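Worksheet: the structure to be examined is printed underneath.
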Amino acid sequence: MNKQSILYTVVFTFVVGFLFVLLLSLTHERTREMVERNQELSRRRALLSALDISYSSEAEVSEKYNTEIEPFERDQTQLYRYQSDSGTAVAKPFSGSGLWGTIRGYIAVSRDLDRIVGLEIVSQNETPGLGARIDEAWFKNQFRGEKIGQGGIRVGAGGEGDQDADNAEVDGVTGATRTSDSIETIINSEINKLENLLEAAQ
Amino acid sequence: MSQSSAGAVFKENIWTNNPIFIQVLGICSALAVTNLLSNTLIMTIGVVFVTGFSNLTVSLIKSLIPRKVRMMVQTLIIAFYVIIVDIVLRAYLPEISRNLGPYVGLIITNCIIMGRAEAFAQSNPPVISLWDGITSGLGYMGVLMVIAFFRELLGFGTLFGFQVLPETFVPWTIMVMAPSAFFFLGLIVWIGKSIMNRSGAAA
């Protein structure tokens, strides 16, 4: 058979393409449940961290997610309420554009919108080692209990982490100014949305 | 596979014809993912796996591939293995998959893989092709790990995330950014070439 003929080329390409895609689908199918479980677990974990609920094991994540958090909807926006000794906190999933792709996560604020309770990233595609450091603890911890100022919060120049919770300001990531700016934009727009959603109910 | 040719391929790919500092392939990833050792290690393990198996597969079916669609089929094979790596990371190592983000998918653009498929696997038997792919990947890994070692040490004061330099050490921000990899790459090419010239002169 002539291997350079058009017929052979077309048939060969088709068969090879079909075989490899079939193998991929099978692998995907076999691991799908695991991947989905991982995703759901990391989503729940993020929500718990944003609301400042501590957990130590996988089982505890599911348990606290089911018992402590109360999901509710307002104006077709999914929100989560958490009642603790220190007051009520409300978490909202967010997504916004970073430097390379969409940044998704949860932001939680106190019910009176006085302070941010926490910020947690679920997925991001920022530059590893630079922008991706927004997912590191030192960066996210800056938001814990941070005062919400007049125009929201400000993400400043790169630094080691801002320890002052009352100045409505956090340090950005050194070398990742554009990602830091995106975070500022995303958070302030989310605070704005939360204000509208929560104040309408008061 | 004879002993001598396996040894020759090894020496060639790790040293005398190293993909990074002699062939200057795969530079984009050498700049992008080398600021943390753990990310570099996982990514380069992925590259070793993909280069090895795409070489093996190309070599196995090389006599069946029509010349016109040769490169297309190679790309398909490489993409297949890259997606497998991505799926495995997602299912079994979700944390690392999160950290590496888009870089796993970008393994496919690594010129070393296509280069080895085209230059070696197309004209050699399967087992030695697999070996060639693995050693090429190792040669790449070696250089990247050296760069990552210095970048993480000087840029963060850590190695594999563990603090090794005292707290008083001021991290060099430039080391975290891509340009610093150029400096180290240049230094490595310089040092490597000097050693080669010296041993060449001695022999």
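The values are calculated or read from the model by the stated rules, or taken from the named source; none is laboratory data. Remember, predicted model here, so these are calculated numbers, not experimental data. Reconstructed Cβ throughout: ideal geometry from the backbone, glycine too, with neighbour counts over all protein chains shown. Calculation scope for accessible area: heavy atoms of the full protein, side chains included, ligands and nucleic acids excluded. Shrake-Rupley method; radii C 1.70, N 1.55, O 1.52, S 1.80 Å.
The table that follows gives values for the structure above.
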{"item": "Unmet criterion (only one of (1) under 15 Å from the mean Cα position of the chain (by Cα); (2) buried (at least 16 other Cβ atoms within 10 Å of the Cβ)) for A:Thr102", "result": "(2)"}
{"item": "Residues (open to solvent by 40 Å² or more (accessible area, probe 1.4 Å) and modelled with pLDDT of 85 or more) located in the range A:138-156", "result": "A:Trp138, A:Asn141, A:Arg144, A:Lys147, A:Arg154"}
{"item": "Test: residue in the range A:30-37 that is within 14 Å of chain B (Cβ to nearest Cβ) and outside any helix (DSSP H, G or I)", "result": "no"}
{"item": "Scan of the range A:1-24 for residues that are within 9 Å of chain B (Cβ to nearest Cβ) and closer than 22 Å to B:Ile83 by Cα, ordered by number", "result": "A:Phe12, A:Thr13, A:Val16, A:Gly17, A:Phe20, A:Val21, A:Leu23, A:Leu24"}
{"item": "Counted residues, the range B:57-84 - those being surrounded by 22 or more Cβ atoms within 10 Å (Cβ to Cβ) and more than 10 Å from every other protein chain (Cβ to nearest Cβ)", "result": "5"}
{"item": "In the range A:53-83, the residues that are surrounded by 17 or more Cβ atoms within 10 Å (Cβ to Cβ), outside any strand (DSSP E or B) and in contact (Cβ under 8 Å) with a residue 60 or more places away in the chain", "result": "none"}
{"item": "Selection count where residues are free of Cβ contacts under 8 Å to residues at least 40 places away in the same chain, open to solvent by less than 10 Å² (accessible area, probe 1.4 Å) and in a helix (DSSP H, G or I), scope the range A:166-190", "result": "0"}
{"item": "Residues of the range B:23-43 satisfying the condition of being within 10 Å of another protein chain (Cβ to nearest Cβ), surrounded by fewer than 24 Cβ atoms within 10 Å (Cβ to Cβ) and of a type in the set (S, T, N, Q)", "result": "B:Asn39"}
{"item": "Residue pairs meeting the criteria (Cβ under 8 Å; at least 6 apart or on separate chains; first farther than 21 Å from A:Val61 by Cβ, in the range A:24-42; second open to solvent by 100 Å² or more (accessible area, probe 1.4 Å) and outside any helix (DSSP H, G or I))", "result": "none"}
{"item": "Positions within the range A:24-51 being of a type outside the set (Lys, Arg), more than 15 Å from the chain's Cα centre (by Cα) and open to solvent by 20 Å² or more (accessible area, probe 1.4 Å), in sequence order", "result": "A:Leu24, A:Ser25, A:Leu26, A:Thr27, A:His28, A:Glu29, A:Glu33, A:Met34, A:Val35, A:Glu36"}
{"item": "Residue under evaluation A:Ile148, criteria (1) under 19 Å from the mean Cα position of the chain (by Cα); (2) farther than 23 Å from B:Asn99 by Cα, criterion not met", "result": "(1)"}
